[in-house]
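Written below as structure tokens is the structure these notes are about.
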Amino acid sequence: MKLTSLRSISLLVLFLFACISAEAQNTRNFFSVTGGYSLPVGEMAREKLDDPFAGIAGSGYYGQVNYDFRIARWLGLRASGSMNRNKTNSQPIVDKASKYAKILGEQYNWESSVSRWTLDAVLVGPALYINMNRVQLELHAQAGKVWAETPAVSLVGNSETGGAPIHVDLRPVSTSAFGIAGGMSLRLPLAGSLFFQLTGDVIGAEAELKDVAIKAVRGSYDLSERINEKRFIGVVNVGAGLGIAF
């Protein structure tokens, strides 16, 4: 009886090993590069009263590199690195500067100069594959590190009554936080191991902005202030690219 049980266990182990070995031989790797349109989401994208950062983030572009290691036919592990460069809307800072102007009892015409705001991420997580003949739909959820830098905004207010100008500056600040992401891609074969890929991703993080300085100076008047707050920042990326399967 014991010998029969031992043989049964041995056959089961050999069967499982054979299955795993056969699956391993079919394991595929995917490397792709994509890019396209980036749309901000979160508190820096929405307009909100009395918030100088609300609505400051605009649309832009992104680039992303992905590597998939397929563990089974339908399951894998995906690592991604992305860079976002988005426009800056200076109007929220202009509105803030206009409040400073009211304290001085004057009206100003504003000239603005802005830089882009950035969001970079390194993420990893599981991926699911749905194979439809040679076309593959890939779904993923990821987590990792997100780095962001707020934009620099420089305003010069020229008094309508000929008084001294007022200078208002938003100083850039860098921050990092734990981030999460989710998305999908559709892979269409081209020739050999080359494929065309359509992608969509959402990346977000709760980032703390420390010592963000809004500096407002006119002559001897200094109306500067500092902001320390946590904000949810994120992007929706939609694009296309090329990849290879190996």
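Worth a mention:
- Segments 104-113, 144-153 sorted - mean Cβ within 10 Å per residue, highest first: 144-153, 104-113
- The string of couplings for region 184-198 from the Karplus curve (6.51, -1.76, 1.60, θ = phi - 60°) is 8, 9, 10, 9, 10, x, 10, 8, x, 8, 7, 9, 9, 9, 9 Hz, one whole number per residue in order, with x for Gly and Pro.
- Alpha-carbon spread of region 131-192, three principal axes, descending order, Å: 72, 28, 18
Read the figures in this text as sums done on the coordinates, not as results from a lab. Note that the structure is a prediction, hence the values are computed from the model and not measured. So basically every Cβ, Gly included, is an ideal-geometry build from the backbone, and we count neighbours across all protein chains shown.
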